[in-house]
Amino acid sequence: MSISPEFALIHRHFAGCAPPNFLALGIGDDAALLPWPVADAQRRGNPPPAGQKAALAITTDTLVAGVHFFADGDPAALGWKALAVNLSDLAAMGARPVAFLLALTIPKADEQWLRPFVEGLAQCARAYEVALVGGDTTRGPLAITITALGEVPWGEAVRRSGAQVGDDLWVSGQPGRAGLGLAIRKGQLADSLCGAAEWLAALDRPIPRVALGLALRTVAHAMLDLSDGLTQDACHLVEERPELAVVLKEEWLPLAPLLDGGAPLALARTALLAGGDDYELLFTAPATARAAVLTASKTSATPVHRIGSIEPRSEGEPLMLKTTAGAMTPLTPRGWDPFREES
Ligand code: ADP
Ligand code: MG
């Protein structure tokens, strides 16, 4: 399988900068895992001692004006989103968010912008009970970097690589909404459609699926959050597992709610399969755990859809679509990659 340009760059330059064993999990997942507390022996590269109780989950994400958001957009929504996308990565590990740091680069000290920005940020922090504990403020082109910290019982974090043959593939909520919201912002779709308000809200104020992630911790085999597009992100589940393929079942994909909102079929399908910024959880679990998944959905008040399965890979294809007619066809992963050359 060809690795995406972004991941190729990361692996070429940044992998290998940590001593082996120091981290429970380094580069490659939604968050890194650090044994916590760190014993002296671990600092020297020894494995975590038996009886380790917890891991610290750490993740960071940057939003750049003109790349990830419109510079003239609502600052309150931006404050919410900058934190929410980081909490989503913690949720994808089954970690409980604890605190975060904010590195803010702003062109000028503009009170009119800063006040609502911090309001939106604080609203998200309150909703998920996380504290701002540090950061950095500097002058330059508008960009926001948040580093979020969470905790997870040792050995219970849900990794991207844990899928097993025969697992069900599930997704939370409604992927595709943010992609349609973006289409509205770009003037490709009318803002008078009945789904428009919901799609714009999904784009502007994504809901990190923290409660669902926690509830799935002992249920899911593998999990990640959707940030770059369903088909592209789904491939991460089998990146380290060349013997496995992700199979999406066409008739199970939650396309109807997007069509009901007024989206044209082609656009709805593209948003669902390749639209970024969803921040839904994509996870696998054994068929025997279906009732447990539905319980997790209920206790976290988060809808889930079963959309496919994990199967043995054939002919090198990491991603397949089982069509409504029953045919199996390879599916080209599509989504957002900052380093892909557009043709
Ligand atoms: P996500 O979309 O879940 O935030 P990314 O696709 O941004 O994850 O990153 C993939 C993996 O590569 C993550 O584990 C991340 O920590 C790691 N990574 C990305 N950029 C760097 C970097 N500059 N140095 C080290 N690790 C990086
Ligand atoms: Mg992620």
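A few points about this structure:
- Out of Val67, Val98, sole residue that is outside the structural domain of Leu216 (by TED's automatic domain parsing), open to solvent by 60 Å² or more (accessible area, probe 1.4 Å), within 29 Å of Leu331 (Cα to Cα) and more than 16 Å from ligand 2 (Cβ to nearest atom): Val67
- When residues of the range 157-208 are limited to those that are basic (Lys, Arg), out of contact with any helix residue (DSSP H, G or I) (no Cβ under 6 Å at 6 or more places or on another chain) and not in a helix (DSSP H, G or I), the one surrounded by the fewest Cβ atoms within 10 Å (Cβ to Cβ): Lys186
- Residues satisfying the stated conditions in the range 47-61, i.e. assigned to a loop (DSSP other than H, G, I, E, B) and open to solvent by less than 70 Å² (accessible area, probe 1.4 Å): Pro48, Pro49, Gly51, Gln52
For (1) closer than 21 Å to Arg205 by Cβ; (2) of a type in the set (Val, Ile, Thr); (3) in contact (Cβ under 8 Å) with a residue 24 or more places away in the chain, each residue gets a yes or a no:
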{"residue": "Val133", "(1), (2), (3)": "no, yes, yes"}
{"residue": "Arg139", "(1), (2), (3)": "no, no, yes"}
{"residue": "Thr147", "(1), (2), (3)": "yes, yes, yes"}
{"residue": "Val152", "(1), (2), (3)": "no, yes, yes"}
{"residue": "Ala157", "(1), (2), (3)": "no, no, yes"}
{"residue": "Gln164", "(1), (2), (3)": "no, no, yes"}
{"residue": "Asp167", "(1), (2), (3)": "no, no, yes"}
{"residue": "Ala178", "(1), (2), (3)": "yes, no, yes"}
{"residue": "Arg185", "(1), (2), (3)": "yes, no, yes"}
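- Pairs with Cβ under 7 Å, 6+ apart, first in the range 220-238 and at positive phi, second in a loop (DSSP other than H, G, I, E, B) and within 11 Å of ligand 1 (Cβ to nearest atom): Gly229/Gly276; Gly229/Gly335; Gly229/Trp336
- Selected residue [closer than 21 Å to Ile184 by Cα, touching a helix residue (DSSP H, G or I) at 6+ places or on another chain (Cβ under 8 Å) and not assigned by TED's automatic domain parsing to the domain that holds Gly181] from Gly275, Gly335, Gly261: Gly335
- Note on the range 119-156: among residues that are farther than 21 Å from Gly94 by Cα and in contact with a helix residue (DSSP H, G or I) (Cβ under 7 Å, 6 or more places away or on another chain), the one that is most open to solvent (accessible area, probe 1.4 Å) is Glu119.
- Leu214 being over 18 Å from Thr332 (Cα atoms), touching a residue at least 12 places away in the same chain (Cβ under 8 Å) and assigned to a helix (DSSP H, G or I): yes
The values are calculated or read from the model by the stated rules, or taken from the named source; none is laboratory data. Computed from a predicted structure; not experimentally measured. Counting neighbours? That spans all protein chains shown, and the Cβs are built from the backbone with ideal geometry, glycine included. Remember, those area values only see protein heavy atoms, side chains included, never the ligands or the DNA or RNA. Shrake-Rupley method; radii C 1.70, N 1.55, O 1.52, S 1.80 Å.
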